[in-house]
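Here the structure is laid out as structure tokens; the discussion comes afterwards.
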Amino acid sequence: MGTPESVAATSAPAAPTPTPKPDVPEELTVSIHSLKSLSLRDQIQVMLLNAHVLTFDRIFDLTSQSAAPSNASAPSSAATPTAAQVAEVVNEMGMLVQGVWVLNSAARCGDHANEALLRDWILIQLNECPMLCTHEINLVASLIGVAQPKAVAYLNEVCVKRQFGYAAFKLPPDIQFITRFPEIWKHQSVLWQKRMREVRDTFKSLEFPTDPPMGICGYRPFSVEAFLFRLMLHTPVTNYQTIRSRIIDWKKSTASSGISDEEIIESTKRICAVVKGRYIAAKLNNPVIDKYRNLALKLLDECEVVEMAKFKIASREAFGMNFPATVFQFVMNSLAVTDGNGNWTLKTV
């Protein structure tokens with residue numbers, strides 16, 4: 001688990017996309033009244049089973065509501081729990097992902113060990129960087145014997161899907177909780193390190209195909225390249241200092257051996273291209289996107305400002321057709337900013 005600073009560094013979305021709604025009451029498929037008869041522990045388990053992803057503030061608010069009397073004249077049936085009491089209980093049964101709570105996989109998956117392994121692998125990836133390649137998840141699921149519909153169900157519980165085979169964690173990082181309860185954050189970090197070692201040891205025994213590349217990501221799980229690739233998906237335009245800092249934090253969070261500057265530089269060369277001093281993923285391993293993305297990068301490198309007409313002309317000359325609108329929006333929103341008049345400039349760092 002990364003430091004609060006490294007978690008904060010991943011909070012900016014890769015591209016303007018519809019922001020997931022916060023955990024509003026309709027996400028809870030049980031009524032507040034039905035929670036009143038349950039213990040605090042059972043209340044929290046029901047909340048996490050139903051809503052899947054909840055901030056601590058939302059959990060505390062729901063437990064407070066369930067302790068309140070049904071009407072103003074009736075006495076309260078239970079004492080309202082304190083924030084410390086709620087935090088203690090959720091720490092026992094939940095897992096902290098980007099400062100946000102999900103139910104632990106033992107409680108969510110029961111005796112289905114392979115499903116728990118897949119779900120924890122998904123959560124580990126999201127905790128490192130809140131972006132995933134859905135094709136990679138499908139491949140991992142098949143390798144460990146989890147049916148694709150079940151894998152998709154687990155993914156949909158904690159992620160919102162984006163275009164072209166990507167998914168993002170449902171909620172932004174909750175730095176406020178990490179700052180407010182540092183001891184719980186430390187305890188959760190220890191739990192994640194232990195579970196990461198167990199998952200990594202299991203993955204070492206699996207034979208991942210190398211041709212074609214593994215899913216849309218194309219890099220072996222838990223490798224520096226896989227982490228850096230997903231980091232570049234989430235933060236498409238960055239600098240070397242940020243990359244170096246995030247890789248070092250990631251290595252520390254996995255309780256593995258350190259990494260030298262030479263190794264970081266070599267991994268960065270394999271994954272990144274440098275455009276006007278900015279570091280950008282050299283490719284997304286997606287043939288639908290990469291040929292148009294390469295064209296956009298070439299134009300952005302050659303010109304300070306690229307007019308919309310120039311993209312259209314270059315696309316017709318290179319491919320005999322216009323830049324597809326959906327691909328254009330996906331590519332340009334991640335790499336550049338517009339003045340609203342069809343003029344695009346490479347993002348600054």
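The values are calculated or read from the model by the stated rules, or taken from the named source; none is laboratory data. As the structure is a prediction and not an experimental result, all values here were calculated from the model. Every residue, glycine among them, receives a Cβ derived from its backbone with ideal geometry; neighbour counts consider all protein chains shown. We work out accessible area using only protein heavy atoms, side chains counted, and drop any ligands, DNA or RNA first. Shrake-Rupley method; radii C 1.70, N 1.55, O 1.52, S 1.80 Å.
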Determine whether segment 162-173 contains at least one residue that is assigned to a helix (DSSP H, G or I) and either crowded, with 22+ Cβ neighbours inside 10 Å or among the aliphatic types (A, V, I, L, M) (or both). no
Cys133 passes all but one of the listed conditions (1) open to solvent by less than 10 Å² (accessible area, probe 1.4 Å); (2) in contact with a strand residue (DSSP E or B) (Cβ under 8 Å, 6 or more places away or on another chain); (3) at pLDDT 90 or above; the exception is number (3)
Residue, farthest from Cys129 (Cα to Cα), within segment 79-104, restricted to residues that are touching a Ser or Thr at 6+ places or on another chain (Cβ under 6 Å) and β-branched (Val, Ile, Thr): Thr80
With the condition being open to solvent by less than 30 Å² (accessible area, probe 1.4 Å), I'd like the strands (runs of 3 or more DSSP E) fully within segment 261-349 carrying at least 2 qualifying residues. 272-275, 278-281, 343-346
Looking at (1) more than 16 Å from Leu231 (Cβ to Cβ); (2) part of a helix (DSSP H, G or I), which is the only condition Gly258 fails? (2)
Being out of contact with any strand residue (DSSP E or B) (no Cβ under 7 Å at 6 or more places or on another chain) and either among the small types (Gly, Ala, Ser) or open to solvent by 10 Å² or more (accessible area, probe 1.4 Å) (or both) is the requirement here; does Leu143 meet it? yes
For segment 143-155, state whether one or more residues are in contact with a Cys (Cβ under 6 Å, 6 or more places away or on another chain) and part of a helix (DSSP H, G or I). no
Testing Asn333 on (1) free of Cβ contacts under 8 Å to residues at least 60 places away in the same chain; (2) under 18 Å from Arg162 (Cα atoms), one condition comes back false. Which one is that? (1)
Of everything in segment 312-343, what is closer than 18 Å to Ile280 by Cβ and in contact with a strand residue (DSSP E or B) (Cβ under 8 Å, 6 or more places away or on another chain)? Give them in sequence order. Met332, Leu335, Ala336, Val337, Thr338
Restricting to segment 198-231, give me the number of residues that are open to solvent by 60 Å² or more (accessible area, probe 1.4 Å) and at pLDDT 85 or above. 1
Residue among Gln98, Gln125 that alone is at positive phi, open to solvent by less than 60 Å² (accessible area, probe 1.4 Å) and not hydroxyl-bearing (Ser, Thr, Tyr): Gln98
